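The values are calculated or read from the model by the stated rules, or taken from the named source; none is laboratory data. Just so it is clear, the model here is predicted, and its values are computed rather than measured. Here the Cβ positions follow ideal geometry from the backbone for every residue, glycine too, while neighbour counts run over all protein chains shown.
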Amino acid sequence: MALKLHSPLAAQRGMSYWGWLIVIAVFGFGLTIVSKLGPAYIDAHFVEEGLHSLSQNSGIREMSNTEIKRELDRFFTINNVRGEPTQSVKIIRGADSTLVSINYELRQPLFHNVDVVMKFDKQLNTAKPELCCEPLVDLEQFRKRDDY
């Protein structure tokens, strides 16, 4: 019985057709995810930047709701943010602070009958501007009232 020795070149044949097909499929799926979901996350980044720029304004407590929305709209227009984030601006006035909330949900079709739901909740509380953009107040308690 003779032993058949494998040459080093025989062990280095590379990836097979199926291996390459799997690599291309995974890369294509990843590219699809990024191209479909990426714009929503870029908009969310600019929403956060808009709230940060608003927090730098020292006179935000004296500004009217219309002026605050106009300031945010100007920032959104410059940074090409459209749609749901611009329509979801809520301003709630308190005794010692103003809360600017941008809370929205996006549904993005991924492929065929599969959708991805993304939720974004950014808040600016003038009482704690250093904690900008993280939700500090649960707005569900205000949803029952129509004063915001």
What about R61, is it in contact (Cβ under 8 Å) with a residue 40 or more places away in the chain, in contact with a strand residue (DSSP E or B) (Cβ under 7 Å, 6 or more places away or on another chain), more than 16 Å from E134 (Cα to Cα) and not β-branched (V, I, T)?
yes
Sort through L72, L31 and tell me the only one that's modelled with pLDDT of 95 or more and part of a helix (DSSP H, G or I).
L31
Condition first: more than 20 Å from D138 (Cβ to Cβ) and either part of a strand (DSSP E or B) or modelled with pLDDT of 90 or more (or both). Can you find one or more residues in region 92-107 that meet it?
yes
Boolean, R107 is among the basic types (K, R) and within 13 Å of the chain's Cα centre (by Cα):
yes
How about region 14-45: which of its residues are closer than 27 Å to F75 by Cα, among the hydrophobic types (A, V, I, L, M, F, W, C) and without any contact (Cβ under 8 Å) to a residue 60 or more places away in the chain?
V34, I42
If you go through region 10-31 one residue at a time, do you hit one that is small (G, A, S) and either within 30 Å of D138 (Cβ to Cβ) or surrounded by 13 or more Cβ atoms within 10 Å (Cβ to Cβ) (or both)?
no
Here the residues within region 128-148 that are over 20 Å from the mean Cα position of the chain (by Cα), exposed (fewer than 14 other Cβ atoms within 10 Å of the Cβ) and modelled with pLDDT of 80 or more are K128, E130
Would region 80-90 turn up any residue that is on the phi < 0 side of the Ramachandran plot, assigned to a strand (DSSP E or B) and among the hydrophobic types (A, V, I, L, M, F, W, C)?
yes
Here the qualifying pairs (Cβ atoms under 8 Å; residues six or more apart or on different chains; first in region 68-80 and closer than 13 Å to E49 by Cα and of a type in the set (D, E); second in a loop (DSSP other than H, G, I, E, B) and at pLDDT below 95) come out as E71/N57; E71/M63
